Amino acid sequence: MKRLPPLPALHTFLITAQHCNFTRAAQQLHITQGAVSRQIAGLEEHLGYALFQRQARGLSLTREGQDWLPRVQQIFALIEQGVREVGRHSATLQLKAPTCVMRWLLPRLMEWQALRPDVPVELTTTVQHGVDFRREGFDAAVVYGALPNGGLQVRKLFDEQLTPMCAPSLLEGQLPLTRLEDLSRHMLLHPSRDEHDWRLWLQAAGASIELNGPRQHFETLDMAMAMASQGTGVAIGDWALVGDDLRSGRLCMPFGLKVLTGKGYYLVSPARSLPPGLVELLDWLQAQARPDDSVPHREPLP
């Protein structure tokens, strides 16, 4: 296979073809006219045909030169595009997170971008709860589940603590929600189809309520909480994820009991030296997850 022509010579050909003049090409390239001439001659020798016709009043492209010009222009346009896109990608932190944490994470990422526009973050959401940095090109991820292992750098955000949540209007509506038994008169909103979260909480609360009454299942916690905030029913979920909704009054906690599930939310990153901007982001997010005394609480059930 014939050796490819050298890239500097192709660049010299491109500039020379734009001016059809050795002198002007040399001025733009900041080299001598003789160096331009030698590079073009060497490229023509390598290719085996002439690219320029030398004339008394300057240069003109041969048929082969005319065929080469758009191809070389395309080559350097692709190189320029690659430099621009790869540079942008490397400067933007790639973060992966499950949809269940979006209600907590998105407002904080927006705040981060306002504070640190010099460290942009691109977020990819997924229904998956884990990450594989060997196969996925992310700088860091939020994962849900048991404490991660496997050589990762791990920062704990918070433990999962389940509690019912609803719109404040349900507390004193036509069917007041003040006691555990009142739950049987309201639609229960499930963030998953297995109804595991409600069963776990009701068991911990010592309630004998059956889950065969009015209920609605959702694919994500966010959808369940959105319906709960409209007064549709009572949802179950991690109170830390919806702290903003509790502070604003869109949601409230009718009962103070919060049940630990043994799972949690963690920031993970590869076990290698991390760029300073990523370290700052992860540390900042971890600080944002500290317990917030401004979230309204109710007394736990007796």
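The values are calculated or read from the model by the stated rules, or taken from the named source; none is laboratory data. In this text the structure is predicted, and so the values were computed from the model without any measurement. So basically every Cβ, Gly included, is an ideal-geometry build from the backbone, and we count neighbours across all protein chains shown. Ligands, DNA and RNA are stripped out before the accessible areas are found, and what is left, the full protein with its side chains, is counted by its heavy atoms. Shrake-Rupley method; radii C 1.70, N 1.55, O 1.52, S 1.80 Å.
Restricting attention to region 96-117, does a residue exist that is more than 30 Å from Ala226 (Cβ to Cβ), out of contact with any His (no Cβ under 8 Å at 6 or more places or on another chain) and open to solvent by less than 90 Å² (accessible area, probe 1.4 Å)? Walk me through it before giving the result.
Restricting attention to region 96-117, the residues satisfying the condition of being more than 30 Å from Ala226 (Cβ to Cβ) are none.
For region 96-117, residues more than 30 Å from Ala226 (Cβ to Cβ), out of contact with any His (no Cβ under 8 Å at 6 or more places or on another chain) and open to solvent by less than 90 Å² (accessible area, probe 1.4 Å): absent.
Consider Arg199 carefully, then state whether it is modelled with pLDDT under 80 and farther than 16 Å from Leu246 by Cβ.
Numbers: modelled with pLDDT under 80: no; farther than 16 Å from Leu246 by Cβ: yes.
It is false that Arg199 is modelled with pLDDT under 80 and farther than 16 Å from Leu246 by Cβ.
If you take the residues in region 193-231 that are of a type in the set (S, T, N, Q) and over 22 Å from Ala97 (Cβ atoms), which one is surrounded by the fewest Cβ atoms within 10 Å (Cβ to Cβ)?
Here is the first cut: in region 193-231, the ones of a type in the set (S, T, N, Q) are 203, 208, 212, 216, 220, 229-230.
Restricting the remaining residues to those that are over 22 Å from Ala97 (Cβ atoms) gives 203, 208, 212, 216, 230.
Details: Gln203: 11, Ser208: 10, Asn212: 7, Gln216: 14, Gln230: 10.
The selected residue is Asn212.
Quick check, is Asp244 free of Cβ contacts under 8 Å to residues at least 12 places away in the same chain, within 25 Å of Val101 (Cβ to Cβ) and surrounded by fewer than 21 Cβ atoms within 10 Å (Cβ to Cβ)?
Numbers: free of Cβ contacts under 8 Å to residues at least 12 places away in the same chain: no; within 25 Å of Val101 (Cβ to Cβ): yes; surrounded by fewer than 21 Cβ atoms within 10 Å (Cβ to Cβ): yes.
In short, no.
Which one of these is over 25 Å from Lys263 (Cβ atoms), among the hydrophobic types (A, V, I, L, M, F, W, C) and out of contact with any helix residue (DSSP H, G or I) (no Cβ under 6 Å at 6 or more places or on another chain): Leu78, Leu106? Give the derivation first.
Details: Leu106 fails: over 25 Å from Lys263 (Cβ atoms).
Just one listed residue meets the conditions, Leu78.
Suppose we filter region 247-262 for residues that are open to solvent by 20 Å² or more (accessible area, probe 1.4 Å), more than 27 Å from the chain's Cα centre (by Cα) and either on the phi > 0 side of the Ramachandran plot or modelled with pLDDT under 90 (or both); how many remain?
1
I'm checking my understanding of the structure. Among residues of region 1-26 that are assigned to a loop (DSSP other than H, G, I, E, B) and among the aliphatic types (A, V, I, L, M), which one is least open to solvent (accessible area, probe 1.4 Å)? Break it down into steps so the answer makes sense when it comes.
Going residue by residue through region 1-26, those that are assigned to a loop (DSSP other than H, G, I, E, B) are 1-6, 20-21.
From what is left, the residues that are among the aliphatic types (A, V, I, L, M) are 1, 4.
On the way: Met1: 230, Leu4: 139 Å².
For region 1-26, the residue satisfying everything is Leu4.
Being assigned to a strand (DSSP E or B) and surrounded by 11 or more Cβ atoms within 10 Å (Cβ to Cβ) is the filter here; which residues of region 55-80 pass it? Walk me through how you get there before you give the answer.
To start, the set of residues in region 55-80 that are assigned to a strand (DSSP E or B) comprises 55, 58-61.
Once the filter is applied, which keeps residues that are assigned to a strand (DSSP E or B) and surrounded by 11 or more Cβ atoms within 10 Å (Cβ to Cβ), region 55-80 yields Gly58, Leu59, Ser60, Leu61.
Return the pair list, or none, for Cβ contacts closer than 7 Å from residues in region 129-149 that are farther than 25 Å from Glu219 by Cβ to residues that are at pLDDT 85 or above and assigned to a loop (DSSP other than H, G, I, E, B), at least 6 apart or on different chains.
Phe133/Pro270
Take the residues of region 84-117 that are at pLDDT 90 or above and part of a loop (DSSP other than H, G, I, E, B): which is farthest from Leu157 (Cα to Cα)?
This residue is Pro117.
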